[in-house]
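Read the structure below first, then the notes.
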Amino acid sequence: MTFHNYSLAACILASGTTFLTGCSTTREPTYVSPRPSVGSRHALLYLYRPAKKLNAGRTLPVYVDAAKLCALENGEHTRTRLGTGPHIVSTSYMTVSPLPIEVEAGKTYYIRFNIRLRPASATTVDYAYSLTLMDSATGAREADVTTYRQARAYEKIIPE
């Protein structure tokens, strides 16, 4: 190869490297939690499963008023609008007690799906599952570090 061919190859390599480097530094957009609008007849409900290593392979279905909202994996959250009044949040997994909540318009609610180890015998452990209504500050902080999963029934449970 001559000097001219080497300089052409170097230019092609440099431009390709710049292009590929630009792609690798592209950031995903930051997720911003929506807020209920002022005067809304609805509330926002966030359901989330903190990212933990325990039982991470299981997909856990979540229901609101017996309608399947979605199935959450480890480190995921979803959201939906709910009308005012009483609602029941539940899962069909194991023996998790349903969580009744009383929803007020214009508020945001956070429910955490807990998975904890508990002793089953002297030599084995078992998992304990529960749904917990969290305070807004803790729920927002914990849900913010999880990945959003769109609910299957989102926007169909309660139309705006």
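When the test is whether a residue is out of contact with any Gly (no Cβ under 6 Å at 6 or more places or on another chain) and under 18 Å from Y127 (Cα atoms), V64 does not pass it.
The number of residues in the stretch 76-100 that are surrounded by 15 or more Cβ atoms within 10 Å (Cβ to Cβ), at pLDDT 85 or above and not aliphatic (A, V, I, L, M) comes to 10.
Among the residues of the stretch 101-113, the ones that are loosely packed, with under 15 Cβ neighbours inside 10 Å and either outside any loop (DSSP other than H, G, I, E, B) or under 21 Å from the mean Cα position of the chain (by Cα) (or both) come to 1 in all.
The values are calculated or read from the model by the stated rules, or taken from the named source; none is laboratory data. Note that this is a predicted model, so its numbers are computed, not measured. Backbone-built Cβ (ideal geometry, glycine too); neighbour counts: all protein chains shown.
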